[in-house]
């Protein structure tokens, strides 16, 4: 499918200039764009490279001098990065999953499928599952007993949803995403060394060998609208009540939510984030890649944590955090800088001791 | 299925009081429990909220004043957390996997299935595989050539077991868990820069480009009884001998065991733990979330490592560890505290230098 | 299949001594080798244990005194670790995947399969996909619309390749490996708190709640020759252009490459490595387990990062890095040592202050 510059600008509600009848078939980086592609050059840094490519039209920024860049047409958004969301939605070629229910799919007769639901080859929909209108269940996907997905779900290949999972509308699962595993919850008959070490900051008391006995998982997972779960990410069921994810929260690849976790609305959990059991996370929280959160703590609204941060205790709303253990970002930067000066400091203090205590002795 | 309070207490061997003929259909948190649910309120903190719900009966603690809490019946365990294991086992609704061999499953005629083994839709059992009595092989699961699983295995959806994997009884795999991949073992024709850097603590010598050649994986994985592998976790085969996991050891989600790793009995490896190749881990070891262990080291019996700890060298038995690099927990806490005072220390030493060396000059 | 010592030595181009007609069926560790197995004892440390086993022949090192070790034959390589690559390739029993196209596989009529491609049970090859000669597509695998794999690919069970993914020859995917998910790219209508915090090192400005809008993924993934992706690892598509992986680069298990990442040739990315979006990594880079790389930075050729390192800013070529934040390895070791002395330093400075400022007052 192709679009004219005018059609795109119109759909996005953005100003377009020049020959807006130019027709494009896709988007490309400035240096590699062909004459039928829209170059994406959202700042002067990228626009410089338009000369290396053959683009006739580009997505620029609001006051860009598009003619000086040698273009015949341009789209001039005030917030280019936001314009990208609408543009890429228009141009998305998708995965080519077929509509309808593939004959190799296994759909239990008691499952309820809404209008225009498609089920890919070798997908399984279990007894009592309910899937909202317009949903796409991809190849090799699994939807467990009684699970409920809202309207417009998209499950990519190999995604799976266990029993007792409910998700709202427009739920997206990337390939291999898993929701609904059992929680990691074990107990010993007598108090364990871990319980002792937690109480004493390290002293385990008398170590003894005890088998771990499973606490079974009776809860499920409740997921709001517009949630996305990344490739091979994992979300556990809650023990007694559901693990919960709010509206519009997005998980990147290989992220992990333990049992009983509550995540609010509008959160971004980046790649390989790990949230231990019974953590509560507010709204508008952004956790960078490989952030870890210890069990049973609270992370307030609007908290931001830089990549690799390990949050080991409660974090009040609005804080920006960094490091291990996670500390306020500005203080952590100060510590890092100080740490780099530490070897020199050791020498300086040795000199001082020599000067002071030698002179003291000399008194 | 419903149970009376008396039946539950009897099955768990725990004292029950009040009208033990009350019948419950499930468990719930105190504030949301309905009249037909058993409230779980294992400490006064949770019991406070019983008034918000409608529970007539609750699981409390041994000397709880159940009547003052407005309950008609109560179960009063001496170790409530342990009581939860038995209680949740009784109430676990499971995944609803059907018994028998689903017609869409592909079971090689040379595979040996014990009594009452069930194989879910679209599961594959390869040639020569042996599966113990009472095992449940879930939907989309894969059991490789010659793999052996003991009695009572439970493989959730999308779990896979490669060739040369043997597991004992009651083996549990959560969705997407993988055992039996090839080890990550490569070699260059001439010594590589990594070998040089390891010897010299950083100096790589003359960098040169060499392709990595695979060392193939000839070994398998040997797994004891009562082992569980979490969602999307991965366990590699050993190079020459097997990678080994002892009895009653549990892996959480997204954990990684490299080739030749040996893990002992009764260990807990929490979410996103990574164990590099050829590590040996003792018994009763507990590694918190996102702990990493460098290759070729030993972790003694009873070691506990807090979340995010990176163990870079051998750890003697019984130690509690924290931090990066992993250090004894109490020393690490001391370092963290000292580090927070470091910016002030830098100022103090600057003042001292001024005072001492100025006064020296003034002598 | 069995081999004589002479056959093996000949195939590897390595000297063999003694009764090279001895026939072996596999390899084993010295202490557990049977009489029909080749013991692997690449250094005196391992050779010591030959006496505990029954091996008649062993792979040793170039000047090993094989007769003193009680062996009847030996292979004496100058670089034993490299000899292991050839030896294990000869002895690799594989996974036993059958040749041909399994009747339960779903191969779209428009897919092009080269000569001698095998497709396992319940695998799916989508419309327009092209798979090179001699490739093995394992059980439960998925190859998306239009995806292209070169000659000699090996996809283990449950691996998946999305649309717009192209890989070169000899591509290996371990079980559950995923290539071709959508990038993790979201934008808010107005500038978000994260953008503010990044500019100000922590100050988020006025927090406000805004929904995250998806930037759709239009690009694909381009992968060179001889690349391997580990179990349950994930590689995202690029936003506009492709995410790229060079020749001969290897990813271990549970690794994550974000959208637009470029990785060069001959890199090793160990277990649970995470590379955020738009990172560029040179050639011959080795990242240890659980290394993280922040978005939009450059990692030069030949960089080596120790396990757990978090690279938060550009790294020049040739550097060896360690720690969080990642620092040159030797400086980081110095900091670690200094940090351990810090609690003592605090005491020393307190003493000094007392001595200096008390004596000052006394003047």
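Some values worked out for this structure:
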read-out: Efficiency of FRET from Cβ geometry, residue C:317 and residue A:32, R₀ 22 Å, rounded to 0.05; value: 0.30
read-out: Shielding by other protein chains, A:154-163, mean Cβ within 10 Å; value: 6
read-out: GNM flexibility winner over chain A from A:160, A:118, A:209 (Cα, springs under 10 Å); value: A:209
read-out: Label point 7 Å beyond Cα along the C-beta direction, distances from residue A:357 to other copies (nm, shortest first); value: 2.0, 2.0
read-out: Candidates C:338, C:317, C:305: whichever shows maximal mean-square fluctuation once chain C is modelled as a Gaussian network with Cα springs under 10 Å; value: C:338
read-out: Global form of the protein assembly as shown, assessed from the alpha-carbon gyration tensor, a/c cut-off 1.5; value: rounded
read-out: Alpha carbon convex hull of chain A, projected area averaged over orientations, nm²; value: 28.8
read-out: Inter-centroid distance (Cα atoms) of the stretch B:241-303 relative to the stretch A:10-36, Å; value: 54
read-out: Exam field: residue B:109 pseudo-label spacings to other copies (7 Å along Cα-Cβ), nanometres; value: 3.2, 3.2
read-out: Against the rule of thumb 2.2 N^0.38 Å, how large the Cα Rg of the stretch B:42-91 comes out; value: 1.09
read-out: Counting DSSP beta bridges with both ends in the protein assembly as shown, the antiparallel % (nearest 5); value: 10
read-out: Label geometry 7 Å along the beta-carbon vector: residue B:67 inter-copy distances in nm; value: 9.4, 9.4
read-out: Test item: B:253-265 mean partner chain Cβ contacts at 10 Å; value: 4
read-out: Potential lengthening between residue A:52 and residue A:23 on full extension [0.36 nm per residue; Cα-Cα distance subtracted]; value: 8.4 nm
read-out: For the stretch C:39-101: relative contact order, % (alpha-carbon pairs under 8 angstrom, 6 or more apart); value: 26
read-out: Fraction of beta bridges assigned by DSSP in the stretch B:266-363 that are antiparallel (%, nearest 5); value: 15
read-out: Exposure proxy order (Cβ contacts within 10 Å, fewest to most) of B:22, B:215; value: B:22, B:215
read-out: 10 Å-binned pair-distance histogram of the stretch C:110-176 (Cα, whole percent); value: 27, 66, 7
read-out: Viscosity 1.002 mPa s, temperature 20 °C, Stokes-Einstein D of the stretch B:3-91 from Kirkwood C-alpha radius, µm²/s; value: 176
read-out: Average Cα contact separation per residue, the stretch B:164-288, under 8 Å, 6 or more apart, as relative contact order %; value: 23
read-out: Chain lengthening between residue B:331 and residue B:92 when straightened (0.36 nm per residue, less Cα-Cα); value: 81.8 nm
read-out: The stretch B:128-189 - percent relative contact order, Cα under 8 Å, separation 6 or more; value: 29
read-out: DSSP-defined beta bridges in chain B - what % are antiparallel, rounded to 5; value: 10
read-out: Per-residue [θ]222 nm for chain A (sum of -39500 (n - 2.57) over DSSP H runs n ≥ 4, rounded to 500); value: -6000 deg cm²/dmol
read-out: Test item: C:73-81 mean partner chain Cβ contacts at 10 Å; value: 1
read-out: Listed residues A:26, A:168, A:152, most fluctuating in chain A (Gaussian network, C-alpha, under 10 Å); value: A:26
read-out: Viscosity 0.890 mPa s, temperature 25 °C, Stokes-Einstein D of the stretch A:312-363 from Kirkwood C-alpha radius, µm²/s; value: 178
read-out: Calculated FRET value between residue B:110 and residue C:2, using beta carbons and R₀ = 22 Å, to 0.05; value: 0.45
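Readers should treat all values here as calculations from the given coordinates under stated rules, not as data from a laboratory. Just so it is clear, the structure is predicted and the values come from calculations on it, not from any experiment. Backbone-built Cβ (ideal geometry, glycine too); neighbour counts: all protein chains shown.
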